[in-house]
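Since the structure comes first, as structure tokens, the remarks are kept for the end.
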Amino acid sequence: MRETLGHYVPAEVAATLLANGGRLEPREAEATILMCDIEGFAALTDSLGPRRVFDFLNAYFELLVEIVERHGGVVTQFQGDAILAAFSLPSPNARHAEQAVRAALEMVRECDRRSFAGVRTRNRVGVSSGRVIAGSIGSHGRLSYTVHGNAVNLAARLEMLNKDYGTRILVTAETARRCPELALRKIADAQVRGYAERIALYTPVTQA
């Protein structure tokens, strides 16, 4: 049962559900959120057709999930061609920001090096740290493990802002502050949709 459930929710979540009789209480924590998306996915789906899109996404997600988990993260959602991952949830991890950025670097690097079911592509990543809450959302009959909070929204905004700055990875000032061992440079104080104050944006010095 645990193995089967683990195909549909993160393995840590599956273990917790089985241990607690199917209950998963909401947990609030400092965490880092990673959002990764594919460049030009709409045009890609038109050129590939439905069957090849499934083959491509399965191969692509197989790699990205392995990278996230190896760096201590948990993929909480697949959203079309995007993935949302949390670091420090459901289990606490003091190095969550650094591990999320290292995961982002590897995700971009490996995507550039490989093809997936014969398809080459490029991806972009947004990373944001802050207070979030994770738990089960949905109806009595069907629940989904997910994460909510400002850091989630900001990670999604940063992923999209990569298009404006010609970058592949953007991280917030709070994430950068928590990664003293990584070489990050500030590139802008950006006006981000939905935020009154400008947001400082950082990117890794090297993404190769």
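Each Lys and Arg Cβ is given +1 and each Asp and Glu Cβ -1; about its Cα centre, the stretch 65-150 then shows a dipole of about 140 debye.
In this structure, residue 52 and residue 165 have a Cβ-Cβ separation that, at R0 = 30 Å, corresponds to a calculated FRET efficiency of about 0.45. Annotation for residue 115 and residue 28: the two label points, set 7 Å from Cα along the Cα-Cβ direction, are 5.0 nm apart. Counting 0.36 nm for each residue step from residue 193 to residue 82 and taking away their Cα separation leaves a gain of 38.0 nm. Computed across the stretch 45-114, the Kirkwood radius stands at 12.9 Å (inverse of mean 1/r, all Cα pairs).
Can you tell me how the stretch 60-208 classifies by the Cα gyration tensor, rounded, prolate or oblate, using a/c under 1.5 as the rounded cut? Because its axes are fairly even, with a/c under 1.5, the stretch 60-208 counts as rounded. Each Cα pair of the stretch 73-114 feeds into the Kirkwood radius, which the Stokes-Einstein equation turns, at 4 °C and 1.567 mPa s, into a diffusion coefficient of 116 µm²/s. Taking the 1.4 Å solvent-accessible surface of the stretch 88-135 as the whole, the part contributed by carbon and sulfur is 43%.
Please work out the C-alpha center-to-center distance from the stretch 93-158 to the stretch 47-72 and express it in whole Å. Using only Cα atoms to place each centre, the spacing works out to 14 Å.
The values are calculated or read from the model by the stated rules, or taken from the named source; none is laboratory data. Note that the structure is a prediction, hence the values are computed from the model and not measured. Neighbour counts are summed over all protein chains in view; Cβ atoms, including those assigned to glycine, are modelled from backbone coordinates with ideal geometry. Only protein heavy atoms, including side chains, enter the accessible area calculation; ligands, DNA and RNA are left aside. Shrake-Rupley method; radii C 1.70, N 1.55, O 1.52, S 1.80 Å.
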